[in-house]
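I have placed the structure first, in the form of structure tokens, so that the comments after it can refer back to it.
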Ligand code: RB5
């Protein structure tokens with residue numbers, strides 16, 4: 001398991017907390033920035049991390065901004081990215097099991113560090129169930145293809 005992690009200024013503190021958590025768990029990660037609390041634009045960092053997912057350089061990505069919403073909107077514009085905004089572990093579990101989400105988004109101004117660690121753990125530990133859910137994932141990909149030909 002190898003993941004990309006990125007944030008804007010609003011998510012920087014939580015990103016650093018989650019990096020430490022990943023280190024303690026022995027999970028390797030690529031930090032795609034940002035590197036400080038200086039104001040920056042979340043789409044730039046969403047794109048960097050999601051590009052690594054698209055290229056297969058990492059298995060999954062974690063994106064953090066103030067609400068998690070800007071990161072999630074940006075990530076879901078990219079082909080093959082299924083990004084889910086999670087504020088509790090139930091959603092983190094089922095977005096892996098049913099949606100095969102490959103990007104987890106969280107809001108640092110919404111979700112505290114302890115819960116964020118649990119959400120991340122659940123997201124990384126839960127496999128995709130496949131079966132009928134694969135048909136739905138395939139239909140998401142069909143929408144993506146139709147949009148690009150519109
Ligand atoms: C930055 O102030 C804030 O807008 C950003 O972190 C995020 O919440 C956007 O969705």
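Read-outs: derived from the displayed coordinates by stated rules, not from any lab. What you see is a predicted model; the values in this text were computed from it and never measured. Heads up, the Cβs are rebuilt from the backbone with ideal geometry, glycines too, and the neighbour counts pull from every protein chain shown.
Looking across the stretch 104-129, just one residue is without any contact (Cβ under 8 Å) to a residue 24 or more places away in the chain and in a loop (DSSP other than H, G, I, E, B), and that is 112. With respect to (1) out of contact with any strand residue (DSSP E or B) (no Cβ under 7 Å at 6 or more places or on another chain); (2) crowded, with 21+ Cβ neighbours inside 10 Å; (3) part of a loop (DSSP other than H, G, I, E, B), the lone exception for residue 101 is condition (1).
Residue 59 meets all of the listed conditions (1) closer than 27 Å to residue 134 by Cβ; (2) without any contact (Cβ under 8 Å) to a residue 60 or more places away in the chain; (3) surrounded by 16 or more Cβ atoms within 10 Å (Cβ to Cβ) but one, namely (3).
Number of residues in the stretch 70-85 that are part of a helix (DSSP H, G or I), surrounded by 18 or more Cβ atoms within 10 Å (Cβ to Cβ) and within 11 Å of the ligand (Cβ to nearest atom) equals 4.
Please determine, by comparing only the residues of the stretch 1-36 that are part of a loop (DSSP other than H, G, I, E, B) and within 11 Å of the ligand (Cβ to nearest atom), which one is surrounded by the most Cβ atoms within 10 Å (Cβ to Cβ).
Pass one, the stretch 1-36, residues part of a loop (DSSP other than H, G, I, E, B): 1, 8, 26-27, 32-36.
With the extra rule that they be within 11 Å of the ligand (Cβ to nearest atom), the set shrinks to 8, 34.
Working: 8: 26, 34: 23.
Among them, the one singled out is 8.
When only residues in the stretch 48-69 that are in contact with a helix residue (DSSP H, G or I) (Cβ under 7 Å, 6 or more places away or on another chain) and away from the ligand (no atom under 13 Å from the Cβ) count, which is nearest to residue 13 (Cα to Cα)? So the residue we want is 62.
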